[in-house]
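Let me begin by presenting the structure, written as structure tokens, before commenting on it.
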Amino acid sequence: MAFPYQTRFREILSGLKREGRYRVFADLLRKRGGYPAADFYTDGSKRPITVWCSNDYLGMGQHPKVLAAMHQAIDSVGAGAGGTRNISGTTHYHVELERELADLHGKEAALVFSSGYVSNDTTLATLAKLLPGAVLLSDELNHASMIEGIRHSGAVKHIFRHNDLTHLEELLRAIDPDLPKMIIFESVYSMDGDFGPIAAICDLAEKYGALTYLDEVHGVGLYGPRGAGVAARDGAMHRIDIVEGTLAKAFGVMGGYITGKAEVIDCVRSFASGFIFTSSLAPTIVAGALASIRHLKESDVERKAMHENAARLKAMFRDAGLPVMDSPSHIVPVMVGNAVCCKAVTDALLQNYAIYVQPINYPTVPRGKERLRFTPSPLHTVQMMDQLVAALGELWTQHALQRAA
């Protein structure tokens, strides 16, 4: 008798639903020029909602310069790039974007990927294979894409406790000084909203002869001169060997990238199968990203307004007695601590208050650390914040979340 495949799959999905962590996609259409407004489609109808969990942190996905650049590109060269980067898929837009990204971070070269996940996974796996006997040291809260890249590398790895410099140095001290080493960490950890100790990690890297690999996906566009990231804000960008970033968050479009020394970038370009054998980003997407980066290099308006709104929302949550986590960044997490309650409150916010925020459950965060993650943009108004705080306050009492948090 054959294995009961479908029964097994149904049992797995039922388990997810019982635990309250079965993922349901919200069927949305954002409204051009109206962000954070969107239409939510359900039961054959649509209704307006306010989005509170987008990673389009600055609303650049709706910016007139970005939209104009994308229209111009599709009118000029059509839809797709027509191939991989190696076979007809490198357009002049790609060349300009990589130059712009290298300039943003003060590096010699850059390489664009189809996503930030792919750029992390592919780069880490490739570089470690090119360094004989490489040892990788990774912060325990690093993103899944970094974890996968490290796993795919096959290299020896050590996990250091989150932002724990003493533990990191203990691990470094125990490694053969002749072996190549790489410290892999983030500038902004997106679930807790805290910063990595960039300068201090660079000190250890220099002391023990290690390369530094910094994920700036939640920092680019949002911090530092010209939006170059947290490392630039801290005056440490020149000390980072490889900077990885995204075009899909603050820049509002799609794609990922790395920047660094020309030889490092060229090695990834030449050996990374995740880059070589995948289709190139469409020129219209690259043109939009290029316009967004150029705008944010010159404009601080969006960054300042976003940080002001993040600080305002945190204060409003605290004043309302809600357990907002202590986050120094633009991320505004509110601890729930129970997967079922987390999903129940987000369902109620959407259905009863037209407020959309996605529940953050395991495996994105550990069990017992389930939370709501709010991302106020420059375009969220005080009235929207008032409505959110009032709705969340009602639901907090209704679902007895004080005991679950």
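Would you check if His330 is in contact with a Ser or Thr (Cβ under 9 Å, 6 or more places away or on another chain), on the phi < 0 side of the Ramachandran plot and either part of a loop (DSSP other than H, G, I, E, B) or not hydroxyl-bearing (Ser, Thr, Tyr) (or both)? It is true that His330 is in contact with a Ser or Thr (Cβ under 9 Å, 6 or more places away or on another chain), on the phi < 0 side of the Ramachandran plot and either part of a loop (DSSP other than H, G, I, E, B) or not hydroxyl-bearing (Ser, Thr, Tyr) (or both).
Could you please find all residues in the stretch 68-96 being in contact with a helix residue (DSSP H, G or I) (Cβ under 9 Å, 6 or more places away or on another chain), farther than 14 Å from Thr284 by Cβ and open to solvent by less than 50 Å² (accessible area, probe 1.4 Å)? Thr84, Arg85 - these are the residues of the stretch 68-96 that are in contact with a helix residue (DSSP H, G or I) (Cβ under 9 Å, 6 or more places away or on another chain), farther than 14 Å from Thr284 by Cβ and open to solvent by less than 50 Å² (accessible area, probe 1.4 Å). Is it true that Thr375 is touching a Pro at 6+ places or on another chain (Cβ under 8 Å), at negative phi and open to solvent by less than 10 Å² (accessible area, probe 1.4 Å)? When the stated conditions are applied, Thr375 does not pass them.
May I ask you to verify whether Gly34 is under 30 Å from Asn361 (Cβ atoms), assigned to a helix (DSSP H, G or I), open to solvent by less than 50 Å² (accessible area, probe 1.4 Å) and touching a helix residue (DSSP H, G or I) at 6+ places or on another chain (Cβ under 9 Å)? Spelling it out, it is not the case that Gly34 is under 30 Å from Asn361 (Cβ atoms), assigned to a helix (DSSP H, G or I), open to solvent by less than 50 Å² (accessible area, probe 1.4 Å) and touching a helix residue (DSSP H, G or I) at 6+ places or on another chain (Cβ under 9 Å).
Residues checked against (1) modelled with pLDDT of 95 or more; (2) on the phi > 0 side of the Ramachandran plot:
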position: Arg18; (1), (2): no, no
position: Gly44; (1), (2): no, yes
position: Pro64; (1), (2): yes, no
position: Asn86; (1), (2): yes, no
position: Thr90; (1), (2): yes, no
position: Leu101; (1), (2): yes, no
position: His105; (1), (2): yes, no
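So the check is Cβ under 6 Å with 6+ separation or different chains; which pairs have a first residue in the stretch 87-102 that's within 19 Å of Asp75 (Cα to Cα) and touching a residue at least 12 places away in the same chain (Cβ under 8 Å) and a second one that's hydroxyl-bearing (Ser, Thr, Tyr) and open to solvent by 10 Å² or more (accessible area, probe 1.4 Å)? That search, which allows pairs on different chains as well, returns Gly89/Ser280. Criterion first (open to solvent by 30 Å² or more (accessible area, probe 1.4 Å) and either under 25 Å from Tyr362 (Cα atoms) or free of Cβ contacts under 8 Å to residues at least 60 places away in the same chain (or both)) does Ala155 satisfy it? So Ala155 fails the test.
The values are calculated or read from the model by the stated rules, or taken from the named source; none is laboratory data. Being a predicted model, the structure only gives us computed values, none of them experimental. Please note: Cβ atoms are built from the backbone with ideal geometry, for glycine as well, and neighbour counts cover all protein chains shown. We work out accessible area using only protein heavy atoms, side chains counted, and drop any ligands, DNA or RNA first. Shrake-Rupley method; radii C 1.70, N 1.55, O 1.52, S 1.80 Å.
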